[in-house]
Amino acid sequence: MAGAASHASFLPPVLTLCAAAVVAVPLARRLGQSAVLGYLAAGVAVGPSGLSLIADPETARGVAELGVVLLLFIIGLELKLSHLLSMKGDIFGLGALQLAVTGALMTAAGMAYGLPFRGALTVGLALALSATAIALQVLEERSDLQAPYGRRAFGVLLFQDLSIVPILALLPLLASTSGGEDFAGQAITVGKAAGAILLVILVGRYGLNPFFRFLAGSRAREVMTASALLVVLGTAVLMEQVGLSMAMGAFLAGVLLAESNFRHQLEADIEPFRGILLGLFFMSVGMSIDAGLVRRAWPFLAAATLGVIGAKILLAAVLLRATGSGWRDGLRAGAVLAPAGEFAFVLLPLGAGLGLLAGGDAQLATALAALTMVFGPPIAKVIDLVLERARRREDEPELRAMEEASGGEVLVVGFGRFGQVVNQVLLARDVDVTVIDKDVERIRGASSFGFRIYYGDGTRLDVLRAAGAARAKVLCVCVDDREAALKIAEIAHQEFPTLRTYMRAYDRIHAIDLMALEVDYLMRETFESALNFGGATLEELGVSAAEATATVEDVRRRDVARLMMQKDEGLMGGSDLLVGTPRLTPQPLTAPKARSTALSPETRDILGGEEAA
């Protein structure tokens with residue numbers, strides 16, 4: 001009986017959180033806001049300050065923080081170590097500047113409010129940090145994580161995560177009157193942290209691939225899922241035990257696995273847990289807001305919230321402008337970085353416990369940090385809309401000129417080395433082609449050779465419409481940016497249902513993603529040339545031309561079989577050494593729109609034969 005009661009008491013909070021998310025998130029998206037705002041509002045509604053359906057937010061926060069851990073792991077999977085090293089300027093240059101300048105300003109504001117220096121410094125550092133989970137969620141929703149401003153904002157977030165350890169070490173030193181023993185203790189802590197990082201690097205570099213290869217041999221998918229969680233959570237716990245950030249440990253594990261053949265499978269296994277737990281984290285933040293305190297001090301909190309958000313946006317924009325970005329990118333990055341960080345809910349209670357802050361001041365600062373999380377995303381949305389409208393007004397004359405001059409049968413997006421060859425083939429048959437590209441130097445060079453090419457970003461609906469996408473028969477996407485190609489395919493699918501989409505795929509994984517969007521034709525950029533290269537090599541070795549051609553065709557057919565099996569099973573590991581470009585047979589241009597990856601009869605025979613075997 002007791003067991004039944006205990007079991008019953010566990011389910012209501014879970015059902016409450018799920019119901020709140022199901023109602024609030026779709027409503028927020030319907031209003032054009034980020035899902036983050038929906039989760040925060042749901043937390044406020046069910047928490048102690050709302051309907052009190054969940055009285056203790058701390059019961060959810062411990063589990064909810066795992067959402068941030070899993071998010072950082074997935075982000076790490078997307079970053080190869082070489083890519084990370086190429087970002088060192090943004091991480092250690094821009095990131096350090098942002099934290100130092102913003103922290104100094106927030107500290108000065110705290111002292112002006114009446115806080116002692118040590119307390120003001122604690123509050124200043126807590127507010128200077130940015131909410132990694134919110135920023136990355138917003139960037140993912142916009143598909144801007146790989147945009148220039150998104151990469152720079154991510155570099156700042158990485159530096160902030162790295163800075164958590166020294167900040168946590170600084171607070172006890174601020175509270176201490178004699179530093180000898182503390183310094184020795186901190187030295188030991190640093191040594192432990194360095195040893196743990198070295199251990200993770202060695203295990204990740206030499207142990208994880210054989211480990212996953214062994215588990216994959218069992219062909220038990222649930223074991224792979226369990227092993228993925230083991231790696232992520234195990235690394236996070238190890239980092240926490242030596243005084244480091246759990247999120248930073250998970251990120252390090254992700255970076256080490258970025259080169260692994262299993263990284264896509266790991267990402268697919270982790271993604272469902274990440275989404276659920278991240279939503280739970282945002283709801284726990286909403287539940288932590290003390291509505292009574294907000295009502296009592298609302299004039300101060302309203303002014304302080306707007307002041308903190310405005311100051312962080314302006315400072316970030318100035319720093320990005322000073323280090324090479326434009327004002328538009330600076331403002332967009334600043335808006336993403338404006339909400340206070342998740343670690344504010346760690347630093348402020350720690351500061352109060354160490355005597356650096358009075359209890360009331362710590363509660364007020366905690367409410368301020370939570371309110372910046374609530375109002376930061378909608379303010380970022382408004383800024384993004386304003387900047388987008390301003391850009392459209394600036395581009396309107398060019399778009400009008402493009403619309404008047406365009407109208408070709410084929411619209412080519414991208415005029416790089418791939419797009420130039422495609423364009424030459426089409427022009428050789430007097431096909432009316434409209435070409436857009438966003439590289440100014442490339443456009444200038446193409447114009448000198450008589451090509452009709454316009455400046456435009458193919459990921460923008462207004463640019464595609466002005467370039468004549470609604471009138472064209474075929475859209476040839478020849479860009480070398482994976483995310484941009486996927487975004488263009490999605491827009492074409494939704495807005496121009498009669499337009500046939502011919503896509504350049506970067507590699508096998510990109511090809512599978514494009515197939516999932518049901519494009520009409522795709523070709524991996526190096527696969528066909530590699531097949532011809534291999535066939536020529538066979539002929540040089542004495543193989544007859546007919547046999548070499550038959551061998552190449554056999555490799556191509558087997559490749560299609562493997563690729564289609566991968567697409568159906570969702571197994572996306574491996575490299576282009578094993579699987580090549582799908583050879584899709586396009587339908588006649590006059591046929592009705594049929595979005596499918598159509599295969600030739602011979603290919604269908606091969607697929608059927610292998611499946612039967």
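Summarise the accessible area of segment 295-352 (1.4 Å probe, protein heavy atoms) by the percent that is carbon and sulfur. On segment 295-352, the fraction of accessible area on carbon and sulfur atoms equals 70 percent.
Under a crude label model (7 Å from the Cα following the beta-carbon direction), how far is S86 from A550 in nanometres? Taking the two extended label points, one gets 4.4 nm. The solvent-accessible area of W327, taken with every protein chain present and a 1.4 Å probe, is close to 130 Å².
Please compare each pair in K438/K487; K88/K381; K312/K438 to a cut-off of 24 Å on the Cα-Cα distance and tell me which ones are over it.
Among K438/K487; K88/K381; K312/K438, the Cα-Cα distance tops 24 Å for K88/K381; K312/K438.
Can you compute the charge dipole magnitude of segment 486-534 about its Cα centre, using +1 on each Lys and Arg Cβ and -1 on each Asp and Glu Cβ, nothing else charged? Give it in debye, rounded to the nearest 20. Don't skip to the end; give the middle numbers.
Numbers: 5 positive and 8 negative charges, 19 e Å.
Roughly 100 debye, rounded to the nearest 20.
Rolling a 1.4 angstrom probe over segment 471-530 with all protein chains present gives an accessible area of which 50% lies on carbon and sulfur atoms.
R442 sits with roughly 90 Å² accessible to a 1.4 Å probe, with DNA, RNA and ligands left out of the calculation. Counting only protein heavy atoms and using a 1.4 Å probe, the accessible area of M111 comes to about 100 Å².
The values are calculated or read from the model by the stated rules, or taken from the named source; none is laboratory data. What you see is a predicted model; the values in this text were computed from it and never measured. Cβ coordinates were reconstructed from backbone atoms using ideal geometry, including for glycine residues, and neighbour counts include every protein chain displayed. With ligands, DNA and RNA removed, areas are computed over all heavy atoms of the protein, side chains included. Shrake-Rupley method; radii C 1.70, N 1.55, O 1.52, S 1.80 Å.
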